[in-house]
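The structure appears right after this line, and notes come after that.
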Amino acid sequence: MAGFLHVRFILLLFGILISLVASEIFKDYKVNHNITSSTRFLIYDVNHGEGFNLRRDVYVRAANVVRSLIDRGEDWVLVLQPWRHLYHWKSRYLPQEALQWKSFFDLQNMNLYVPVMEFTDFLENHATEPNMIDEVMFLERHPDNFKGGFKEMIEYGDCEKNSHSNFLYSPSENNLYKGWFWGMKELRTKKFSCVKAQGHASVIADFLKESPARSILLDRFEVILHTSYGSVDFYEARRSLVFAHHLRQEGDEYRFKYLNSTDINDKTPYHGEDWRKQIPEPDSAVGGPYIGVHMRRGDFANGRKSTIPSVQEIGEEVEKKLTEYQLDKVYVSTDGTHEELDELQSYIKSGKVYQMARPKELVQKYKDGGIAIIDQWIVAHARYFLGTCESTFTFRIQEERDILGFAGSTTFNCLCGKQSPPDTCHPPSSWRVKFA
Ligand SMILES: Nc1nc2c(ncn2[C@@H]2O[C@H](COP(=O)(O)OP(=O)(O)OP(=O)(O)O)[C@@H](O)[C@H]2O)c(=O)[nH]1
Ligand SMILES: [Mg+2]
């Protein structure tokens, strides 16, 4: 009896420990930065129609700008705009407006590159006045359009002539401006201007210095190019964009349960607590015993009829790879229909097609964006990856595999449809993640 109580006591202690660890993981994030009266806040946003994975790329550009401002001695925090309900988030029954970044990414990790905070944190604790962004700059492409070669240019434009900015922002009471502001109706800005810009992230840095505003929203940040695409600095920001722990965990459980895939067996160790330690030996990852496919369908397949491969072509390629790698499982990350998945299976004789089930409760918990990340995480761990050419969703998977230590040959693969006219469908350029 005493022994039994002893075991129960140990189990109880173990339970308390587990829940302490769990509450630690899910604890509310607070920016790790000494905010003083001279700290400034850079908020940015992206054109409404852009998808999730291009937005991740724009984050990297914004983080690079803030990094360069900090490196030259200025004190800035990058404020993360709320996620609006994106076009691709098809579960319309679910409210998915103004989601926080911590639903998808690990802010502690991001904060190790530049100080970041959620927009709600900024608004509640750091706005100069309640419901106020001091200044909004609406960026537009400079009409020069690099006519005489590459030249950085930036100057104020005329908002009267900008139908996009007029549509999104308008004068309001007390000389203030109102805008769409992610559905937050009370928000206002004191100064609104249009800015014509072309060039790298650095072009904006001097311009910001001239403004006295403490908080500045740069709308249409995608107008700004990467400071140095593919540089170590670029990849530091990218590497810091670690998926949220709860999504990685869900993906890892699926890998273990259905695909016989674990980090130890697959040689994909991961330092999710600090991206700076995630430096794999080149080509060291083996990957789980399955082929991973990103089969982009829906609007993408419709919009790119001249280059997209048919489901049959994808199936035939997967069949070849299953034989080559002597595998019998295929994980398919897709926005395609059940019918398209069934069709894919019909062309694959040597293996079984897997896709994580996505019942309503799971979508409610992680939202459409979270499910997509779990999909990306699972395919990123496959022994061999076949993506969709020119899809940003695929590009992000390829980067993730690079960060995990996969060889380029098992990563930078995609199919062009047989019907593609010459020079219209481009195989992935293998930009490799630089670690130092
Ligand atoms: N769950 C899941 N969702 C997907 C998948 N592929 C696409 N989607 C959804 O569709 C969106 C695709 O938009 P983007 O992320 O911008 O990528 P893309 O449209 O493939 O690429 P670009 O048009 O070049 O920007 C994703 O963000 C997801 O919401 C997939 O494999 N799994
Ligand atoms: Mg897209």
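With every atom except the alpha carbons ignored, what do you get for Rg and Dmax of segment 71-188, in angstroms?
So, for segment 71-188, Rg and Dmax equal 17.5, 50 Å respectively.
What does the helix-only formula give at 222 nm for the chain: each DSSP H stretch with n ≥ 4 adding -39500 (n - 2.57), the total divided by the residues, and the result rounded to the nearest 500 deg cm²/dmol?
It comes out at -11500 deg cm²/dmol, rounded to the nearest 500.
Students often check this: by mean Cβ neighbours within 10 Å, which of 279-286, 393-400 ranks highest, and how do the rest follow? Mind showing how you got there, number by number?
On the way: 279-286: 15.0, 393-400: 23.5.
Result, highest mean Cβ count within 10 Å first: 393-400, 279-286.
Magnitude of the Cβ-charge dipole of segment 244-415, K/R +1 and D/E -1, about the Cα centre, nearest 20 debye?
About 160 debye.
If I model a spin label as a point 7 Å beyond the Cα along the Cα-Cβ vector, how far apart are those points for K151 and S163 in nm?
Each label point is offset 7 Å from its Cα along the Cβ direction, giving 2.9 nm.
Along the charge dipole of the chain, Cβ charges K/R +1 and D/E -1, which of H85, G292, P171 sits furthest on the positive end?
G292
Evaluate E = 1/(1 + (r/R0)^6) for K352 and W180, where r is the Cβ-Cβ distance and R0 equals 41 Å; express this FRET efficiency to the nearest 0.05.
So the FRET efficiency works out to roughly 0.35.
Hey, got a sec? Which chymotrypsin sites (Phe, Trp or Tyr not before Pro) in segment 115-152 land in a DSSP loop and have at most 14 other Cβ atoms within 10 Å?
Answer in residue order: F146, F150.
Could you tell me what percent of the DSSP beta bridges with both partners in the chain are antiparallel, to the nearest 5?
If we restrict to bridges inside the chain, about 20 percent are antiparallel.
Which peptide among 358-370, 290-302, 249-261 comes first, and what is the full order, when sorted by highest mean count of other Cβ atoms within 10 Å?
290-302, 249-261, 358-370
What's the magnitude of the charge dipole for segment 40-237 around its Cα centre, counting Lys and Arg as +1 and Asp and Glu as -1 at the beta-carbon? Answer in Debye, nearest 20.
480
Where does helix 338-347 land angle-wise versus the long Cα axis of the chain, in degrees 0 to 90, nearest 10?
Long axis of 338-347 versus the principal axis of the chain: about 50 degrees.
Place the peptides 319-328, 106-115 in order of packing, highest mean first, counting for every residue the other Cβ atoms within 10 Å and averaging per peptide.
For the peptides 319-328, 106-115, the packing ranking is 106-115, 319-328.
Tell me the angle of helix 245-259 to the major Cα principal axis of the chain, expressed in degrees between 0 and 90 and rounded to the nearest ten.
Its long axis makes an angle of about 20 degrees.
Scale the Cα Rg of segment 215-319 by the rule-of-thumb value 2.2 N^0.38 Å and send over the ratio, two decimals.
Normalised by 2.2 N^0.38 Å, the Cα Rg of segment 215-319 equals 1.44.
What nm distance separates the two modelled labels at R432 and I35, each placed 7 Å from Cα along Cα→Cβ?
Taking the two extended label points, one gets 4.1 nm.
With the Cα gyration tensor of segment 244-415 in hand, give its eigenvalues times 5 under a square root as the equivalent ellipsoid semi-axes, listed largest first in whole angstrom.
Working: eigenvalues 111, 70, 51 Å².
Equivalent-ellipsoid dimensions as semi-axes: 24, 19, 16 Å.
What are the extents of the Cα atoms of segment 40-237 along their three principal axes, listed from largest to smallest and rounded to whole Å?
Result for segment 40-237: principal-axis Cα extents of 49, 40, 35 Å.
Please give the net charge around S261, taking every other residue with its beta carbon less than 10 angstrom from that of S261, where Lys and Arg add +1 and Asp and Glu add -1.
Details: positive: R255, K257, K329, R383; negative: D252, D263, D266.
Computed value for this residue: +1.
Using only Cα atoms and rounding to the nearest 10 degrees, what angle (0 to 90) does helix 311-325 make with the longest principal axis of the chain?
Orientation of helix 311-325: about 60 degrees from the principal axis.
Whole Å is fine, so just give me how far the alpha carbon centre of segment 367-436 lies from that of segment 275-354.
About 10 Å separates the Cα centre of segment 367-436 from the one of segment 275-354.
Just check segment 355-436 against the gyration tensor rule for me: Cα atoms, a ≥ b ≥ c as the square roots of the eigenvalues, rounded for a/c under 1.5, and otherwise prolate or oblate depending on whether a/b exceeds b/c.
Values: a/c = 2.41, a/b = 1.41, b/c = 1.71.
Since a/c reaches 1.5 but b/c is at least a/b, the shape of segment 355-436 is classed as oblate.
Kirkwood Rh, Cα Rg: Rg to Rh for the chain? Don't skip to the answer; put the middle values down first.
Numbers: Rg = 23.5 Å, Rh = 23.6 Å.
Rounded to two decimals, Rg/Rh equals 1.00.
Read-outs throughout are calculated quantities, based only on the coordinates presented, and are distinct from any laboratory measurement. Fair warning: this is a prediction, and the values are worked out from it, not measured in the lab. Note that each Cβ is placed from the backbone with ideal geometry, even for glycine, and that neighbours are counted across all protein chains shown.
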